[in-house]
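The values are calculated or read from the model by the stated rules, or taken from the named source; none is laboratory data. Remember, it's a predicted structure, so these values are computed and weren't measured experimentally. Backbone-built Cβ (ideal geometry, glycine too); neighbour counts: all protein chains shown. Note: areas computed on protein heavy atoms with side chains; ligands, DNA, RNA excluded. Shrake-Rupley method; radii C 1.70, N 1.55, O 1.52, S 1.80 Å.
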Amino acid sequence: MSATEAQDVETTGDTAGDRTLGPALRSAAGWIALAFAVFHLYTAAFGNLPSLIQRSVHVGFALVLVFLLFSARGRGGRTVAAVDWLLLAVSLAATAW
């Protein structure tokens with residue numbers, strides 16, 4: 001990496017693929033993240049789920065947040081691309097299955 005590239009990374013940050021969400025999707029992502037945390041706190045304190053279910057729900061929550069917050073194509077933006085919605089739906093279907 002050249003000195004100029006290093007300076008660019010320092011000033012702009014490495015945010016390739018980060019998404020700037022609108023207020024509705026930002027709120028949805030916040031509620032999903034809160035549900036993710038509450039699920040883990042509840043199951044740690046009270047509920048004993050089988051390992052397979054606990055892990056699949058964990059990965060499902062994480063994938064939904066990843067596909068909302070980051071672009072699969074590596075481009076940012078304010079909207080969620082169709083491919084990201086498709087991958088989000090596939091991850092939800094895999095979790096539910």
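Overview of results
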| read-out | value |
| --- | --- |
| Local net charge near L68, Cβ-Cβ under 10 Å (Lys/Arg +1, Asp/Glu -1) | +1 |
| Cα→Cβ-extended label distance, 7 Å offset, between S51 and A82, nm | 4.2 |
| Built amide H within the under 5 Å cut-off of R19, gap 5+ | S71 |
| Of all accessible heavy-atom area on the range 19-97, the percent that carbon and sulfur account for (1.4 Å) | 73 |
| Kirkwood-Stokes translational diffusion coefficient of the range 48-97, alpha-carbon pairs, 37 °C, 0.692 mPa s, µm²/s | 285 |
